[in-house]
Amino acid sequence: MKSKTYINIEKTYGASNYKPIPVVISKAKGAWVVDPEGKKYLDFLSSYSAVNQGHLHPKIIRAVKKQLNRVTLTSRAFHNDKLAPFLEKLCKFTGFEMALPMNTGAEAVETAIKAARRWGYEIKGVEKNKAEIIVCSENFHGRTTSIVGFSTDKESKMNFGPYSKGFVLVPYNDLESIENAINKNTVAILVEPIQGEAGVIIPDYGYLKGIRSITSKNNILWIDDEIQTGFGRTGKFFCFEHENVRPDILILGKALSGGVLPVSAIVSDKKIMSVFRPGSHGSTFGGNPLGSVAASVAIDVVQKEKLDEKAHKLGLMLINALKDAKLPVIENIRGKGLLIAIDIKEDFGPARYYTEKLMNAGLLAKETKKQTIRFAPPLVIKENDMKHAIYLILKVLGDKK
């Protein structure tokens, strides 16, 4: 079938909860994807940073194929021989003592919320059912009913109430507001080190260090959501490393499995993870042997191929090229590693117009918010491919509307 046929069938039978760029991807490898007609595109979204290791990384695919012939799912009713090595590797890689595996990023966020609340009641001594977690405006932590309840995005939140209580909203990148929001019932602050869905909003340097200081002083937990910024994306293995600090709970997902299977997790230390006991939390697929294998090899790829260093180098190349071009259409450029955004001036029309022009030119990116385009290619992208991407971006954005 042709691309238009696939799109029309999806419109007929699929709920309209997304507005995709009108392209159909049928094959992918590395930083490239191909549509049914055979046209190639550079992928500059990476499935929202889930394929940092590139599409179909051969080491991950080989390991998963091998595991497919052994066992895929046992549930946590039994042990399997792939989960334990994965948990050990993940803990050593992140520098935390214990891990709790789940599937999706939203599940991992819910797991972190559960951990913080139970820690608040059982260890800190907060009055039962009074725990509060501080969250930030313009946050994006997932799509569950609890999470959308503390979103400030109207479309994500509208008509999904009643909303869960226990969340206190403060402005992002505002340490004073965090301090003012803390009371005897506060158990944690949940924050993204860079707000990806909000338009790659990067806080001032020192924001994370300030959060660490405030939370330590007030005996509350810092929960760091690195689902989108982890595994090399920002030029470090994890974004918090840019400020030489360490959260209490780290939330992981997306690139944890190289985009092959849904694998997520929280990692923390025993003093916090000890609040989980048999029956208190779980998932049928969480910690399955197939996902454990994929994630274990995905971590190896990030380390051995030094994807953090590649992201830093190529991110600077793209940012500098965009700045040097001084295109009239661009209002602002910001980024860290290979998580980069440009704001389109309103006089030049919405960002969607340009993402569709980029698609026609052979590069796939996605608008986030009305005027912002996010660029986040796989970290394995080759330097020559980045140069080609820069050429396409500057050509499209330099053309008059």
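Please specify each residue of the stretch 7-50 satisfying the condition of being touching a Pro at 6+ places or on another chain (Cβ under 7 Å) and over 21 Å from Ile393 (Cα atoms).
Ile7, Ser26 - these are the residues of the stretch 7-50 that are touching a Pro at 6+ places or on another chain (Cβ under 7 Å) and over 21 Å from Ile393 (Cα atoms).
Give the residues of the stretch 357-386 that are out of contact with any helix residue (DSSP H, G or I) (no Cβ under 8 Å at 6 or more places or on another chain) and farther than 18 Å from Gly199 by Cα, sorted by residue number.
Met359, Asn360, Lys382, Asn384, Asp385
How many residues are buried (at least 24 other Cβ atoms within 10 Å of the Cβ) and part of a loop (DSSP other than H, G, I, E, B) if we restrict to the stretch 221-259?
The qualifying residues number 14.
Per-residue answers, yes or no, for (1) in contact with a Pro (Cβ under 9 Å, 6 or more places away or on another chain); (2) among the hydroxyl-bearing types (Ser, Thr, Tyr); (3) farther than 14 Å from Leu256 by Cα:
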| position | (1), (2), (3) |
| --- | --- |
| Pro58 | no, no, yes |
| Leu68 | no, no, yes |
| Leu73 | yes, no, yes |
| Ala84 | no, no, yes |
| Ala99 | no, no, no |
| Asn103 | yes, no, no |
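Please go through (1) out of contact with any Asp or Glu (no Cβ under 6 Å at 6 or more places or on another chain); (2) over 30 Å from Lys165 (Cβ atoms) for Ala108 and return the number of the only condition it doesn't satisfy.
So the condition that Ala108 fails would be (2).
In the list Ser75, Ser46, which residue meets the criterion of being out of contact with any Gly (no Cβ under 7 Å at 6 or more places or on another chain), surrounded by 15 or more Cβ atoms within 10 Å (Cβ to Cβ) and of a type in the set (Ser, Thr, Tyr)?
Numbers: Ser75 fails: surrounded by 15 or more Cβ atoms within 10 Å (Cβ to Cβ).
Sole residue among the options that is out of contact with any Gly (no Cβ under 7 Å at 6 or more places or on another chain), surrounded by 15 or more Cβ atoms within 10 Å (Cβ to Cβ) and of a type in the set (Ser, Thr, Tyr): Ser46.
Only one residue in Phe160, Phe150 is within 21 Å of the chain's Cα centre (by Cα) and of a type in the set (Phe, Trp, Tyr), so which one is that? It would help to see each step written out before you state the result.
Values: Phe160 fails: within 21 Å of the chain's Cα centre (by Cα).
The conditions single out Phe150.
Among the residues that make up the stretch 119-133, is at least one of them among the hydrophobic types (A, V, I, L, M, F, W, C) and under 23 Å from the mean Cα position of the chain (by Cα)? It would help to see each step written out before you state the result.
Applying the first criterion (among the hydrophobic types (A, V, I, L, M, F, W, C)) to the stretch 119-133 yields 119, 123, 126, 131, 133.
Keeping just the survivors that are under 23 Å from the mean Cα position of the chain (by Cα) gives 133.
Yes, the stretch 119-133 has at least one match.
Name the residues in the stretch 176-195 that are part of a loop (DSSP other than H, G, I, E, B) and surrounded by fewer than 22 Cβ atoms within 10 Å (Cβ to Cβ), would you?
Quick first cut of the stretch 176-195, residues part of a loop (DSSP other than H, G, I, E, B) only: 182-185, 192-194.
Listed by number, the residues that qualify are Ile182, Asn183, Lys184, Asn185.
Please verify whether Phe160 is touching an Asp or Glu at 6+ places or on another chain (Cβ under 9 Å) and either crowded, with 17+ Cβ neighbours inside 10 Å or in contact (Cβ under 8 Å) with a residue 12 or more places away in the chain (or both), treating the condition exactly as stated. Steps first, please.
Working: touching an Asp or Glu at 6+ places or on another chain (Cβ under 9 Å): no; either crowded, with 17+ Cβ neighbours inside 10 Å or in contact (Cβ under 8 Å) with a residue 12 or more places away in the chain (or both): yes.
Taking the combined requirement at face value, the residue does not satisfy it.
Is it true that some residue in the stretch 281-303 is touching an Asp or Glu at 6+ places or on another chain (Cβ under 7 Å) and of a type in the set (Phe, Trp, Tyr)?
No, the stretch 281-303 has no match at all.
From Lys382, Lys336, grab the single residue that is in contact with a Gly (Cβ under 9 Å, 6 or more places away or on another chain), closer than 23 Å to Gln53 by Cα and surrounded by 21 or more Cβ atoms within 10 Å (Cβ to Cβ). Before the answer, list the steps.
Working: Lys382 fails: surrounded by 21 or more Cβ atoms within 10 Å (Cβ to Cβ).
After applying the criteria, what remains is Lys336.
Tell me which helices (runs of 4 or more DSSP H) are completely within the stretch 1-105 and hold 2 or more residues being touching a residue at least 24 places away in the same chain (Cβ under 8 Å), assigned by TED's automatic domain parsing to the domain that holds Phe231 and within 25 Å of the chain's Cα centre (by Cα), or say none if there are none. Spell out the reasoning first.
Details: elements: 3-13, 46-49, 58-68, 83-94.
It comes to 58-68, 83-94.
Applying the selection to the stretch 273-289, what residues are over 29 Å from Ile123 (Cβ atoms) and either touching a Phe, Trp or Tyr at 6+ places or on another chain (Cβ under 6 Å) or crowded, with 23+ Cβ neighbours inside 10 Å (or both)?
Across the stretch 273-289, the qualifying residue is only Asn288.
The values are calculated or read from the model by the stated rules, or taken from the named source; none is laboratory data. As the structure is a prediction and not an experimental result, all values here were calculated from the model. Quick reminder, even Gly has a Cβ in these numbers, built from the backbone with ideal geometry, and neighbours come from all protein chains shown.
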